[in-house]
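See structure below.
The values are calculated or read from the model by the stated rules, or taken from the named source; none is laboratory data. Remember, it's a predicted structure, so these values are computed and weren't measured experimentally. Here the Cβ positions follow ideal geometry from the backbone for every residue, glycine too, while neighbour counts run over all protein chains shown. Calculation scope for accessible area: heavy atoms of the full protein, side chains included, ligands and nucleic acids excluded. Shrake-Rupley method; radii C 1.70, N 1.55, O 1.52, S 1.80 Å.
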Amino acid sequence: MRLLPHLSSKDFTRNLFLLNFGLFLLFAISAVAPSSDEPLLKISFSLLVLSICLPLAGINLASITEKLFQKKFNWLEKLFLATTLSFIIPPLFITLLFSFLLITHPLTPVFFSFITFIFAWLLNPQFLEFPEESLWHSLKKNQVHLLFTTLFFATFTTIIVRAFYALPDLDPYYWLSLYQKDFTNGIVTALHLYRPLFSSLAYIFIKSAQIDSYAYFKYVLPFFSLLLVLPLTLIASFFTSKKEKVIVYLFPFVTGSFVLYSHTPIPQAILNFGLILFCLSLLISYFSKNRFFFFWGGFILAGTAFYHEAAGIILLLWIFSTLLFYKNSLKSLYQKNPFLIALLSVFIILHLLSLFSSVFQFIFLWIQNLFVLFQKSTFNFAYPATYINIDGMSVGWNSPMGVLRYYAFYAGPLFFILFGYFFYFFWKKYPFYRTLSTSPEIFVLSLSAFVFFSISELLPRFFNIALLPERAWGITVLFAFALFIPALNYLSRRWLWTPYLVICLLFINIIGALYINQLKQFLITPPQLYSADWIKTSLPSNAIVFTSGNENLLRTHAQIKTISTNDPLFYFDQRIFFKLLDDYSANSPELDFYYKNFQQQVTLALQNINSFTLTAKKDDLLREAARLEKISQDFQKEVPLSSQKNPEHSLHNIYVYYAKPDARNPYARRPYSQNSQITKEPAFIYDQVPEHFQRVYTYPNEEIIIWQYIP
């Protein structure tokens, strides 16, 4: 079956050049053409801009990388490089431009992609030439696997995102609200602040490609998993058995929890994406014996650390492994070029390390927390039935069935099979695992798996220290599964049922992820969304809604100003409402809510000044702090009610919103949710004072109630 036509390397080279030229020409035409609200044209423009900003820039950068390192990669390797470069370098360029020059512009990523095109062409006259033999021959060999894997990934992600309209958890609403405000004011997160590349990546989609911010978080970001198909194909090419290839293609589905985090629009999703690429890079290095990909894995971790600081932990483990295995090579390099190495070391200490300040702060903070917690550590053999998380909340799973659900979802059944295999290997002294002392790839994967296994199981059980063990489990199993892949061929011959068992367990993870995702539709229910539409169309634009626990719904879907409290007695004690009303009347919350992020950034910048003593760094931070302070001051001038008494007439547009929690909410049975649920009160206090509160909206069975406050 031929799905792909034959194409020579010269044709392919020419076509890539024409592709660059054609895409930039189309963009130039669309930029000068009259704007249109036609949906098809808007979608076409977004796809054109994204094609230029990310994949095209990635391919051009891969060609530059090939030339700079004097390497020759086959087409799958080059596209793997392009995938990693496209999600790190273009967002990094936007972040650097803003961090040092305070410049943001929607055309910045397009301009950067054009620059990569010029450099790739100048550095390599045979622009983006691929080896003829490996190009379409490999494509035709893998075309069926590529087609079915792409369809499977796309279908799975479509089921995930179409299960409900709301965002899949609480965290995405924070990032959505934050970036809507930031981008409106023409800023992205500076490099030394909190998860900067996540901001710049969103900027490319929302501002450059003009994709609606909600659509980006809800429908676009989860489809990043499709970018893993080609890298997985590269690993699958090292295997001949179809069963083994299927296992490789299912590599991202290590646990149900890991799968859902990978499809949740938060920095954790990009962390998971980067860690998968890191594992694949090490596996490429192991199978091909091309150590370039071992070092490429370090580059992936360094870039991913700017999306989520947890990658910095693994980066330190990778650096330790590199120094351990390549100390002789590094020593020889220093002896040959002592002056150059000394200059490079000074540059790294003075500049590059300061760029990773947020990563180092994250690591130092956790080390500090660990030091404090170790002083009060005790055994907790009841974990995970009962334990306290890092925030001081009781998040135990109460019963034996709860513990079973915990391990089934967070650790997954695959982990226990992998653990059994590893125990067998070490017990039998299987030669493959003797490479632990000779293979840097196996060593760093083993070290990473042990560190995150300690976070997920050993620390909470033997020291009663719970540092997000639920999230650590997914990373633990990811590294353990990566260690399993090199032994897959041996195990398939040793026990013929092994591939079938592993595939079944991976599909159990997939089914579990789909089941939990379906339950998340009850976080924000259809009646709540209906009420949000009613608020948006029926209440005055200057209305203020007081609520408990529904701020994400109201701010995002109803687009109304909201004042929220976490007090569970809010609907049963009117004194809580009047306390909130007094606070609002004394000082309007607009400034505090809409620019809380800027205040946090100023605080973080000033903290950084105390942490770093380099003069240049101090100047940068002082300048950044002054800029953020100016933004807050300018906003205060724009909000006339922010520092004065609210006029009495504004109190006529005060409302109270209640939504009944759904018992099917996956968090409803958790201890922290049960503690906040009030069931003993017979009636709402607002119905008992009709002179001050009047119902204006009621959904059947009182699932939703909205009262208007009457002064």
Legend entry - segment 439-580 - percent of accessible surface contributed by carbon and sulfur, probe 1.4 Å: 62 percent
Inset, instruction - Could you tell me whether segment 164-216 comes out rounded, prolate or oblate from its Cα gyration tensor? Rule is a ≥ b ≥ c as square roots of the eigenvalues, rounded for a/c under 1.5, then prolate if a/b exceeds b/c, otherwise oblate. - result: oblate
Legend entry - 25 Å Cα-Cα threshold exceeded, pairs from Lys218/Lys561; Lys181/Lys579; Lys536/Lys660; Lys561/Lys660; Lys218/Lys520: Lys181/Lys579
Inset, instruction - Could you give me the percent of Cα pairs per 5 Å distance bin for segment 14-100, shortest bin first, beginning at zero and ending with the bin that holds the maximum distance? - result: 3, 12, 18, 19, 19, 14, 9, 4, 1, 0
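What is the packing order of peptides 251-262, 501-512, taking the mean over residues of other C-beta atoms within 10 Å and listing the highest first?
Details: 251-262: 24.8, 501-512: 17.3.
Averaged packing, sorted descending, gives the order 251-262, 501-512.
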Inset, instruction - Go through segment 554-563 residue by residue and turn each phi into a ³J(HN,Hα) via Karplus (6.51, -1.76, 1.60, θ = phi - 60°); whole Hz please, and just put x for glycine and proline. - result: 6, 5, 8, 8, 8, 6, 10, 5, 9, 10
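Ignoring ligands, DNA and RNA, what percent of the accessible area of segment 167-308 is carbon or sulfur (1.4 Å)? Walk me through the numbers on the way to the answer.
Numbers: 2050 of 3340 Å².
Answer for segment 167-308: carbon and sulfur cover 62 percent of the accessible area.
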Inset, instruction - Please sort by residue number the trypsin sites (Lys or Arg not before Pro) in segment 502-575 whose DSSP state is loop and whose Cβ has at most 15 other Cβ atoms within 10 Å. - result: none
Inset, instruction - Amide H neighbours of Val696 under 5 Å, at least 5 residues apart or on other chains, H built in the peptide plane: list them. - result: Ile706, Trp707, Gln708
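If you take the beta carbon distance between Trp497 and His652 as r and set R0 to 60 Å, what does 1/(1 + (r/R0)^6) give as a FRET efficiency, to the nearest 0.05?
Values: r = 72 Å, r/R0 = 1.20.
According to the calculation, E is roughly 0.25.
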Legend entry - Peptide ranges 690-699, 152-161, 202-211 listed from the most packed, as the mean C-beta count within 10 angstrom indicates: 202-211, 152-161, 690-699
Inset, instruction - Counting only C-alpha contacts under 8 Å and six or more residues apart, can you give the relative contact order of segment 438-490 as a whole percent? - result: 40 percent
Legend entry - Sulfur and carbon atoms: percent of accessible area, segment 44-91 [1.4 Å]: 66 percent
Inset, instruction - With +1 on each Lys and Arg Cβ and -1 on each Asp and Glu Cβ, and nothing else charged, work out how big the dipole of segment 405-552 is about its Cα centre, in Debye to the nearest 20. - result: 620 debye
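Set the Förster radius R0 to 56 Å, insert the Cβ-Cβ distance between Ala342 and Ala683 as r into 1/(1 + (r/R0)^6), and round the FRET efficiency to 0.05.
On the way: r = 76 Å, r/R0 = 1.36.
In this case the efficiency is close to 0.15.
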Legend entry - Accessible area per residue, Å², segment 439-483 with all protein chains present, probe 1.4 Å: 23 Å²
Inset, instruction - Please label the shape of segment 188-321 as rounded, prolate or oblate, based on the square roots a ≥ b ≥ c of the eigenvalues of the alpha-carbon gyration tensor (a/c under 1.5 means rounded; beyond that, a/b larger than b/c means prolate, else oblate). - result: oblate
